[in-house]
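The values are calculated or read from the model by the stated rules, or taken from the named source; none is laboratory data. Since the model is a prediction, treat every value here as computed from it, not as a measurement. All Cβ positions, glycine included, derive from the backbone under ideal geometry; neighbour counts span all protein chains shown.
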Amino acid sequence: MKVADLVAIDVHTHAEVSCRCPTDAFWQPYEDAANTYFKAGKRPTIAETVAYYRERKIGLVMFTVDSEFEIGNRRIPNDEVAEAAAANSDMMIAFASIDPHKGKMGVREARELIEGGVVKGFKFHPTVQGFFPNDPMAYGLYELIAHYKLPAVFHSGHSGIGTGMPGGGGMRLKYSNPIHLDDVAVDFPDMTIIIAHPSWPWQDEALSVCLHKPNVYIDLSGWSPKYFPPQLVQYANSQLKTKMLFGSDFPLIPPDRWIKDFREAGFKPEVHDLILKENAIRALKIAAE
C-alpha cells in the first residue's frame with residue numbers, strides 16, 4: 001500500500017455486490033430492512049467501491065460477511081475480494097470472512113487464504129454469525145490468525161441487520177457485547193483485535209477492554225461522528241488516541257460524510273492524522289511501498 005499517496009485509510013468497508021455471483025434473493029429482506037435503518041440506497045459493486053475510494057485517494061480494507069450458517073444466504077467469495085485487492089494493492093487490503101461454525105473446513109480455508117498471500121486479516125460478526133466471540137468453537141481460527149500475527153475485526157454493539165424485522169430477523173444482540181472480546185485478547189495476545197463501531201449500548205465495555213489490552217483497537221465506523229458518545233471522543237482525545245481507527249461502514253456511511261462530521265465533532269486537531277491514517281498503518285502492520 002502506497003500510504004504516502006493516501007489522505008486516509010478506511011479500515012471498515014463492505015463488499016456488498018459481487019461482480020461474478022448473482023444476487024441471493026434470500027438476503028433481500030435483510031438488505032431492505034438495513035436500507036430503511038441506514039437510509040441507504042443502491043449498493044455498489046466491488047469494482048465501483050474501489051473506484052470510489054481511488055478517486056478520493058483513500059485506502060480501504062474490504063470484506064464480506066459470511067452469514068451462511070445463521071441466515072442462510074450465500075456469501076460473496078473471499079477470493080473475489082482478494083483478487084480486487086491484488087489488482088489495487090497500492091490502496092486496498094482484503095480481509096476474509098469465515099463463519100467459525102465451519103470448523104476445521106473454515107480453518108483450512110483460512111490457512112489457504114493466508115498462505116496464498118491473498119488476505120491480510122479477518123472479519124467476524126458475532127450477531128450475524130450467531131456466536132459469542134469467546135466460544136472455544138472459534139479458537140481454531142484464532143490460533144491460525146494469531147500464528148501469523150494478523151488482525152481481526154469484530155462487529156460490536158447494536159446491529160442494523162435485522163432491525164425492524166419480526167424477531168429482529170432472528171439476530172441476537174447479546175453476542176456482540178465487546179466484553180466477550182476481553183477473553184479473546186487474553187488468550188490470543190498476538191492477534192490484533194479491532195472492535196468495530198461505537199459499541200452502543202456497551203460503549204464503556206469497549207473502552208475498558210481497549211484501554212486494558214495492548215492488542216485491542218477500536219474502529220469508529222457505522223455512526224456519524226457527530227452522534228458519538230461523549231466518552232468515546234474523550235478517550236480518543238487522550239488515553240486511546242493511538243488506538244482509534246477511521247472506519248466508515250461504506251456503503252452505509254460515505255467516507256466524505258464521515259470525515260466532514262469527524263472534523264467538526266470535538267476531536268483535537270493533533271489526533272486527526274492519527275485516527276485517519278497513522279494508527280491504521282501501525283495496527284494493520286502496513287509496509288509502505
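Just a few scattered comments:
- Hey, residue 71 modelled with pLDDT under 95, closer than 22 Å to residue 155 by Cα and touching a Cys at 6+ places or on another chain (Cβ under 7 Å) or not: no
- Of all residue pairs spaced 6 or more apart or on separate chains, those with beta-carbon atoms under 7 Å, a first member in region 203-223 that is free of Cβ contacts under 8 Å to residues at least 40 places away in the same chain and a second member that is of a type in the set (S, T, N, Q) and part of a helix (DSSP H, G or I) are 204/231; 207/231.
- Where helices (runs of 4 or more DSSP H) fall entirely within region 1-115, those with at least 3 residues that are of a type in the set (Ser, Thr, Tyr) and under 29 Å from residue 172 (Cβ atoms) are at 28-38.
- Residue in region 211-221 that is under 20 Å from residue 34 (Cα atoms) and in a loop (DSSP other than H, G, I, E, B) present: yes
- Considering residues of region 190-238 that are more than 17 Å from the chain's Cα centre (by Cα) and of a type in the set (S, T, N, Q) only, the residue nearest to residue 147 (Cα to Cα): 208
- Filter result for the condition that a residue is surrounded by 17 or more Cβ atoms within 10 Å (Cβ to Cβ) and modelled with pLDDT of 95 or more, over 50, 7, 17, 118: 50
- Some residue of region 53-64 being touching a residue at least 24 places away in the same chain (Cβ under 8 Å), touching an Asp or Glu at 6+ places or on another chain (Cβ under 6 Å) and charged (D, E, K, R): no
- Considering region 121-144, the residues that are in contact (Cβ under 8 Å) with a residue 40 or more places away in the chain and part of a loop (DSSP other than H, G, I, E, B) include one that is surrounded by the most Cβ atoms within 10 Å (Cβ to Cβ), namely 133.
- Which listed residue, of 162, 130, is within 18 Å of residue 66 (Cα to Cα) and at pLDDT 95 or above: 130
- Complete set of residues in region 232-254 that are among the small types (Gly, Ala, Ser) and either assigned to a helix (DSSP H, G or I) or surrounded by 23 or more Cβ atoms within 10 Å (Cβ to Cβ) (or both): 236, 247, 248
- Residue satisfying all of: in region 145-179; under 22 Å from residue 93 (Cβ atoms) and either of a type in the set (Val, Ile, Thr) or surrounded by fewer than 19 Cβ atoms within 10 Å (Cβ to Cβ) (or both); farthest from the chain's Cα centre (by Cα) among these: 147
- Within region 18-40, the set of residues being without any contact (Cβ under 8 Å) to a residue 40 or more places away in the chain and not charged (D, E, K, R) comprises 22, 23, 25, 28, 35.
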